[in-house]
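Working notes, structure below.
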C-alpha cells in the first residue's frame, strides 16, 4: 500500500504565498518519491520582472536575462512546479509525470491559479522528455549567468489555467492507463530546481539543500 502525503510549509517573503510538498511513501514508511512547488502572487508584475527573485529567493541584483516571450504574460497567481525526486529503483514508472500533475491539481483546488509554469533544460525538450510533464508551451529562455549551476539557460514551460485542467483530464483518461511516456532517468527531470535529498526515512523529509529554500 502507498500513502500520499501533502505538506504545506508556509513562508512569507516577496510574493510567495506557500511552498507545497508531496511525498509518496510505501507501506513500511519509506519515502520513494518527493516533489515540490510554489505559489507566487504577482498581481501587478510578471515572470519577466520576478525571474531573479523566483530563482534566488530574493532579488539582490544577481545577473538574470529574460528573453522568453511568454514571461511578460505570466502574471497573477502563478503556480511554479519544482523538483521531482524518484528513488532509483522506481524510476521508469511515470512517477516524475504523475506527481507534478497531482501537485498542480492540489494548487488549482486551493488557489485561484492563473498560470502553471516550470523551468526545464533545453536538452530535456530536445530529447522529448519534457513533453511528459504536462506543459503545452515552451518559451526560450531565461539566463542566469554565474549561477550555482554555472552559465545556466532554462526554458519556461507554461500552461494557462484551462490547459492545466485539459492536461490533467487527458492524462487520467489516456496516458496514465496506457503507460504514457517513459519516465525520465534523470535524478530530477522536471526542473533545474534540484533538491539534494539526504534522508528518506519516515521522520525526515526534504532534509537537503535547494536554491529556493
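Full extension of the chain between residue 165 and residue 122 yields a length gain of 13.0 nm, computed as 0.36 nm times the residue separation minus the alpha carbon distance. Working value for the stretch 39-178: equivalent-ellipsoid semi-axes of 25, 19, 13 Å, each the square root of 5 times a Cα gyration tensor eigenvalue, largest first.
Between residue 60 and residue 111, how high is the FRET efficiency from 1/(1 + (r/R0)^6) when r is the Cβ-Cβ distance and R₀ = 22 Å? Nearest 0.05. E(calc), rounded to 0.05, equals 0.20. Sorted largest first, the principal axis extents computed over the alpha-carbon atoms of the stretch 67-109 equal 40, 29, 12 Å.
A short reminder: the numbers here are calculations on the coordinates, not readings from a lab. Predicted model only: the values in this text are computed from it and were never measured. In this analysis, Cβ positions are derived from the backbone assuming ideal geometry, glycine residues included, and neighbour counts consider all displayed protein chains.
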